[in-house]
Amino acid sequence: RSWLGHQSWSLPGGGIHRRETPAMAAVRELAEETGLQLAPEKVTELGMFKNPYKAAPFTIACYVALVKKQEPALARYRRLEVLDLAWYPIDRLPPDTSPTVKKAIALRVAR
């Protein structure tokens, strides 16, 4: 859950830096927010969709990767950005899950 904005359960994410591909941004944001380290070639693009929050009209690029299951842990230097971190089964998401998570899951299921 993010401290910013809606404070709903969401996925790691953020903006793309100059000279960064969307895949590079995905692995950077994953590392910044969760401490999980992946190489850009280890992520697969699922697709893109418009952010459902009208106050933030941008496109969301979704990526998926397989990671070894481990206890969730906040990245040490990003504690101010992330309120809570947890794993949830897809069929038992918390009621306050962001609609972006549901859209990302729909892209994954469609594959």
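The values are calculated or read from the model by the stated rules, or taken from the named source; none is laboratory data. Only a predicted model underlies this, so the values are computations on that prediction, with no experimental measurement involved. Don't worry about glycine lacking a Cβ; one is built from the backbone with ideal geometry, like all the others, and counts go over all protein chains shown. For accessibility, only protein heavy atoms count, side chains too; no ligands or nucleic acids. Shrake-Rupley method; radii C 1.70, N 1.55, O 1.52, S 1.80 Å.
Numbers at a glance
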{"item": "Candidates ALA39, ALA23, ALA31, filtered to the one that is without any contact (Cβ under 8 Å) to a residue 40 or more places away in the chain, farther than 23 Å from PRO94 by Cα and of a type in the set (Gly, Ala, Ser)", "result": "ALA39"}
{"item": "Scope segment 33-45; condition open to solvent by 30 Å² or more (accessible area, probe 1.4 Å) and not in a loop (DSSP other than H, G, I, E, B); matching residues", "result": "PRO40, GLU41, LYS42, THR44, GLU45"}
{"item": "Within segment 8-32, tally of residues that are open to solvent by less than 40 Å² (accessible area, probe 1.4 Å) and β-branched (Val, Ile, Thr)", "result": "1"}
{"item": "Residue ID - farthest from TYR63 (Cα to Cα), chosen from residues in segment 89-111 that are modelled with pLDDT of 85 or more and open to solvent by 100 Å² or more (accessible area, probe 1.4 Å)", "result": "PRO95"}
{"item": "First in segment 90-104 and touching a residue at least 24 places away in the same chain (Cβ under 8 Å), second anywhere and open to solvent by less than 50 Å² (accessible area, probe 1.4 Å) and assigned to a helix (DSSP H, G or I), Cβ under 7 Å, 6 or more apart", "result": "LEU93/VAL101"}
